[in-house]
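Novice: Handing you a structure now.
The values are calculated or read from the model by the stated rules, or taken from the named source; none is laboratory data. All values derive from a computational prediction rather than experimental measurement. A quick note on method: Cβ atoms are made from the backbone with ideal geometry, for glycine too, and the neighbour counts reach across all protein chains shown. When the accessible area is computed, the model is the full protein with side chains, heavy atoms only, and any ligands, DNA or RNA have been set aside. Shrake-Rupley method; radii C 1.70, N 1.55, O 1.52, S 1.80 Å.
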Amino acid sequence: MGRRRKNGRDISGWLVINKPVGITSNAVVNKVRWAMDAKKAGHAGTLDPEATGVLAIALGEATKTVPYITEAQKAYRFTVRLGQATNTDDTEGEVIASSDTRPTDDEIRAALVQFTGDIMQVPPQFSAVKIDGERAYKLARAGEEIEIKARPLWVEELEFVERLDDDHAILEMICGKGGYVRSIARDLGDVLGCHAHVKTLHRVWSGPFEAEEGISMETVEKLAKSGELDQYLRPLEEGLSDLPELRCTVEAAVKLRHGNPGMVITSDVEYGDEAWASLDGKAVAVGTYKSGELHPTRVFNTPQG
């Protein structure tokens, strides 16, 4: 979500954070916006407070590309605690069921197959999904019993990595938008007949952004208000990496920036495809390609080099 304020710099781009444990995604956005004195900032996909890993922060005009990162695939590495179920499906909740049963490594591997491809997944009770206009976690905290409908999810890969001990196994997953790792752990425990929840969760990458390339919150604090954080700013165009790029002329760029169709150069984009137009490598607009023109749906108001 984007957040605005009247004062601040008109700065646009992506700042990739390697989020630590114990801070909310919105708190990271607020800290980055303050540290960079930016007018507008937002994140591209929430991480739970106890989760770590890549959290991409969009600044200024880059917030218009957030939906494309939200829709992109993401990779997670997580530890499953076998033998216990919690009401939050992670370590933050209360244990509500336990079992002495422990599956073998091969049994875990065999069970993972049914969680790959197109699956239906029920989000955790303590999640941000809305039930009749209210967030599920608010209703759950109030002690209300809620029914959350299953939702479709594409899981590209789900692999067994390592067995730490009888109670803990490390898994890795690549999935599409809307995946809940906590639900995977919970449902895996049910299939194996032993109960389970997530103990640790790390988002390895999200679209084009990787945790290893992210900066720490310590760095954000250290360089705050100095202007030195700008060296870590990545182009807003990186948020469009999953869309085809179409070059345009100066004349076409003027039309596009005014919300009108503009001629673009292409060789492999088909009629009706979503794409983005560039001038000298800088994003001008996102839109729909039709018969040699891009019909803009989003326009970028950034200075052109």
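Novice: Going through the cross-link list K31/K222; K31/K225; K177/K199, which pairs have a Cα-Cα distance over 19 Å in this structure?
Specialist: Over 19 Å apart, Cα to Cα: K177/K199.
Novice: If you don't mind, there's one more thing I want to ask. Would you tell me the accessible area of S291, worked out with a 1.4 angstrom probe on the heavy atoms of the protein chains, in Å² to the nearest 10?
Specialist: 100
Novice: For segment 240-305, which whole percent of the accessible surface, found with a 1.4 angstrom probe, sits on carbon and sulfur atoms?
Specialist: C and S atoms contribute 48 percent here.
Novice: Spin-label point model (7 Å from Cα, Cβ direction): what's the I170 to R234 distance in nm?
Specialist: That separation, rounded to one decimal, is 2.3 nm.
Novice: Just to be sure I understand the model, the point goes 7 Å from the Cα along the line to the Cβ. What's the resulting S267 to R298 distance in nm?
Specialist: Modelled inter-label distance: 2.7 nm.
Novice: Show me 90-103, 177-190 ranked by packing, highest mean number of other Cβ atoms within 10 Å first.
Specialist: 177-190, 90-103
Novice: Now a separate question. How would segment 178-288 be classified by its alpha-carbon gyration tensor: rounded, prolate or oblate, with rounded meaning a/c under 1.5 and the a/b versus b/c comparison settling the rest?
Specialist: Since a/c reaches 1.5 but b/c is at least a/b, the shape of segment 178-288 is classed as oblate.
Novice: Please give the per residue accessible area of segment 1-107, computed with a probe of 1.4 Å over protein heavy atoms only, in Å².
Specialist: Using a 1.4 Å probe on heavy atoms only, each residue of segment 1-107 averages 42 Å².
Novice: Roughly speaking, what is the stretch gain from K225 to S98, that is 0.36 nm per residue apart minus the C-alpha to C-alpha distance, in nm to one decimal?
Specialist: Extending this stretch completely gives an extra 40.8 nm.
Novice: Compute, for the chain, the length of the dipole vector about the Cα centre, with Cβ point charges of +1 (Lys, Arg) and -1 (Asp, Glu) only. Units Debye, rounded to 20.
Specialist: 1760
Novice: Name the shape class, rounded, prolate or oblate, that the alpha-carbon gyration tensor gives for the chain, where a ≥ b ≥ c are the square roots of its eigenvalues, rounded holds for a/c under 1.5, and otherwise prolate holds if a/b is larger than b/c and oblate otherwise.
Specialist: prolate
Novice: Quick one: pull the percent of accessible area on segment 152-205 belonging to carbon and sulfur, 1.4 Å probe, ligands and nucleic acids left out.
Specialist: 49
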